[in-house]
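Contents: one structure, followed by commentary.
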Amino acid sequence: MGAAIKRKSSPAVQAHADEPPFKKILIANRGEIALRVILACKEMGIQTVAVYSEADRNALHVRFADEEVCIGPAASSKSYLNIPQVIAAAEVTGAEAIHPGYGFLSENPHFVEVCQACGITFIGPNAEIIRKMGNKAQAKATMQEAGVPLMPGSEGIIETVEEALVVAEQIGYPVIVKASAGGGGRGMRIVNNPEELPDLYNTARSEAKSAFGDDAVYMEKYLLEPRHIEVQIMGDLFGNVVHLGERECSIQRRHQKLIEESPSAALTPDLRKRICDTAVKAARAVGYYNAGTIEFLLDKRGDFFFMEMNTRVQVEHPVTELVTGIDIVKEQLRIAAGQKLSFRQEEVVQKGHAIECRINAEDPFKFTPCPGRITALHFPGGPGIRVDTAMHQDAVIPPHYDSMVAKLIAYGADRTEAIARMRRALDTLVIEGIKTTAPLHRRIMDHPDFISGGFSTKWMETFMEELKRDPVGDPR
Ligand code: ADP
């Protein structure tokens, strides 16, 4: 094993009212989510082990963990995705459990099985659930059986262009061809007519093959101006499943979320109840436990359709934490240790409003990645502002990983106050040395469509056209 391990002297664990669910866990991730898990562990009196690639030697998750293990070179495939190295790091440090964060190994059923075989607790659901939900075509079939409303589409995988043409004709154009193993907005093609279909079907398959190692695709009706509404679920090993309300994630670019909020301005109390109850039903249908998210598309008539389930903590979980007061990561740790959910459905109340802006190291106008060194940094604070980040002065953003550098989250008594606080936070955010999407977010916070809450997943496209006429400038 090439893992270099270094132990730091750490202060004795404080006495806690509750026994910590674990003594020591390893976090198989990097960046803000690794740090987020470490913070939860510090509060709970759990020792932490960070793993890192050679590109992340100076990263904050490494500095703030109790122990650290280098697991390989910069490339994810050789470090954060390297199962033998991650497991070896857990064994050598005596970590009882592994928190996978999101991305990397978080939805890899094989990794879960390896953990189990090595006697290490995986902080998430079991391999069978992940496998069932990770294959989107299979997940849809499972949801159909459970009576969850589905988008009209193919029954499972589409094997040939001829079959694709027949199914598209049945459901009506436009349609969307999606990778069954897909994620991160990749492997999807929108098809407007039969002439386009053969080429787009084939490119979707080859993109799926190169991105996910699996060229299986399926098809569904493409909704023109839907809203993306998702429901946070938590379940324990005793069969208790609850929801923590919805998140609105319609502000997206190229099918990737930019801004998320909770609650959604689009839901009436009745619709909220129906969509959240449906999510609980969907989770129960697969015997779900730990944290998960059921994603739906909502059309203009108020009909909603199951899209997919993510079997891990989401990037946007903080907005739910702020409006419910529930610490999702701590709850994940308790559930993994076999404890009962610490709250009942009746105790979950959405109070106030929270908005999250993903600050990416990108050119805000062209959306091209901008890795580099941060020369000056100041994060906003003050009432109602939370910043989840692993950035620090002089940090170098490696080109090997995703481009998110911080999540800026604003909480207010209502949506208007949350927006006002987000504006003020963006105005007092300083990140120099790299370009970020912060100026773009600042513009969105002033836009009448955003302020009114009347937007769909299509909105960013129109907004980008507006921006072409009036490019983003740094407001400072
Ligand atoms: P991924 O797992 O790659 O994130 P999803 O299935 O969650 O993919 O879809 C991502 C986004 O793509 C959705 O939030 C939505 O904006 C868009 N999308 C997916 N399916 C449809 C559809 N049938 N109609 C309209 N938009 C869709």
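The values are calculated or read from the model by the stated rules, or taken from the named source; none is laboratory data. Bear in mind that the values here come from a model prediction, so they are computed numbers and not experimental data. Note that we place each Cβ from the backbone using ideal geometry, even for glycine, and neighbour counts take in every protein chain shown.
Please verify whether residue 191 is under 28 Å from residue 408 (Cα atoms) and within 16 Å of the ligand (Cβ to nearest atom), treating the condition exactly as stated.
So residue 191 fails the test.
Here is a list of conditions, (1) on the phi < 0 side of the Ramachandran plot; (2) part of a loop (DSSP other than H, G, I, E, B); (3) away from the ligand (no atom under 11 Å from the Cβ), and residue 182 meets all of them except one; can you say which number that is?
Of the numbered conditions (1) on the phi < 0 side of the Ramachandran plot; (2) part of a loop (DSSP other than H, G, I, E, B); (3) away from the ligand (no atom under 11 Å from the Cβ), the odd one out for residue 182 is (3).
Does residue 392 meet the test of being touching a strand residue (DSSP E or B) at 6+ places or on another chain (Cβ under 9 Å), part of a loop (DSSP other than H, G, I, E, B) and in contact (Cβ under 8 Å) with a residue 40 or more places away in the chain?
Numbers: touching a strand residue (DSSP E or B) at 6+ places or on another chain (Cβ under 9 Å): yes; part of a loop (DSSP other than H, G, I, E, B): yes; in contact (Cβ under 8 Å) with a residue 40 or more places away in the chain: yes.
It is true that residue 392 is touching a strand residue (DSSP E or B) at 6+ places or on another chain (Cβ under 9 Å), part of a loop (DSSP other than H, G, I, E, B) and in contact (Cβ under 8 Å) with a residue 40 or more places away in the chain.
Can you confirm whether residue 448 is out of contact with any Asp or Glu (no Cβ under 9 Å at 6 or more places or on another chain) and either free of Cβ contacts under 8 Å to residues at least 40 places away in the same chain or surrounded by fewer than 17 Cβ atoms within 10 Å (Cβ to Cβ) (or both)? Spell out how you get there, then give the answer.
Details: out of contact with any Asp or Glu (no Cβ under 9 Å at 6 or more places or on another chain): yes; either free of Cβ contacts under 8 Å to residues at least 40 places away in the same chain or surrounded by fewer than 17 Cβ atoms within 10 Å (Cβ to Cβ) (or both): yes.
Yes: the conditions hold for residue 448.
Tell me yes or no: at least one residue of region 360-379 is of a type in the set (A, V, I, L, M, F, W, C), closer than 13 Å to residue 319 by Cβ and either out of contact with any strand residue (DSSP E or B) (no Cβ under 8 Å at 6 or more places or on another chain) or not in a loop (DSSP other than H, G, I, E, B) (or both).
Within region 360-379, the first condition is being of a type in the set (A, V, I, L, M, F, W, C), and the residues that meet it are 361, 365, 367, 370, 374, 376-377, 379.
Retained after the next criterion (residues that are closer than 13 Å to residue 319 by Cβ): none.
Scanning region 360-379 turns up no residue that is of a type in the set (A, V, I, L, M, F, W, C), closer than 13 Å to residue 319 by Cβ and either out of contact with any strand residue (DSSP E or B) (no Cβ under 8 Å at 6 or more places or on another chain) or not in a loop (DSSP other than H, G, I, E, B) (or both).
Hey, can you tell me all the residues within region 312-344 that are hydrophobic (A, V, I, L, M, F, W, C) and either within 22 Å of residue 32 (Cβ to Cβ) or buried (at least 19 other Cβ atoms within 10 Å of the Cβ) (or both)? Full working, then the answer.
Here is the first cut: in region 312-344, the ones hydrophobic (A, V, I, L, M, F, W, C) are 313, 315, 319, 322-323, 326, 328-329, 333, 335-337, 341, 343.
Selection gives 313, 315, 319, 322, 323, 326, 328, 329, 333, 335, 336, 341.
Please work out which one of (1) buried (at least 16 other Cβ atoms within 10 Å of the Cβ); (2) within 12 Å of the ligand (Cβ to nearest atom); (3) not hydrophobic (A, V, I, L, M, F, W, C) is the condition residue 225 fails and give its number.
(1)
Answer yes or no: is there a residue in region 315-331 that is assigned by TED's automatic domain parsing to the domain that holds residue 419, under 19 Å from residue 103 (Cβ atoms), assigned to a loop (DSSP other than H, G, I, E, B) and in contact (Cβ under 8 Å) with a residue 24 or more places away in the chain.
Yes, because at least one residue in region 315-331 is assigned by TED's automatic domain parsing to the domain that holds residue 419, under 19 Å from residue 103 (Cβ atoms), assigned to a loop (DSSP other than H, G, I, E, B) and in contact (Cβ under 8 Å) with a residue 24 or more places away in the chain.
Does any residue of region 198-209 turn out to be under 27 Å from residue 282 (Cα atoms) and in contact (Cβ under 8 Å) with a residue 12 or more places away in the chain?
Initial filter on region 198-209 (under 27 Å from residue 282 (Cα atoms)): 208.
If we keep only those that are in contact (Cβ under 8 Å) with a residue 12 or more places away in the chain too, we end up with 208.
So far as region 198-209 goes, yes, one or more of its residues are under 27 Å from residue 282 (Cα atoms) and in contact (Cβ under 8 Å) with a residue 12 or more places away in the chain.
Out of all the residues in region 43-52, is one or more free of Cβ contacts under 8 Å to residues at least 40 places away in the same chain and under 18 Å from residue 403 (Cα atoms)?
Yes, region 43-52 contains at least one residue that is free of Cβ contacts under 8 Å to residues at least 40 places away in the same chain and under 18 Å from residue 403 (Cα atoms).
In region 31-51, how many are surrounded by fewer than 24 Cβ atoms within 10 Å (Cβ to Cβ) and in a strand (DSSP E or B)?
Going through region 31-51 one residue at a time, the tally reaches 1.
So which helices (runs of 4 or more DSSP H) are wholly in region 115-171 and hold at least 3 residues that are outside the structural domain of residue 330 (by TED's automatic domain parsing), surrounded by fewer than 19 Cβ atoms within 10 Å (Cβ to Cβ) and out of contact with any Ser or Thr (no Cβ under 7 Å at 6 or more places or on another chain)?
Working: elements: 127-134, 136-145, 161-171.
Helices (runs of 4 or more DSSP H) meeting the threshold: 136-145, 161-171.
Condition check: in a helix (DSSP H, G or I), more than 15 Å from the ligand (Cβ to nearest atom) and surrounded by fewer than 18 Cβ atoms within 10 Å (Cβ to Cβ). Does residue 202 satisfy that?
On the way: in a helix (DSSP H, G or I): yes; more than 15 Å from the ligand (Cβ to nearest atom): yes; surrounded by fewer than 18 Cβ atoms within 10 Å (Cβ to Cβ): yes.
In short, yes.
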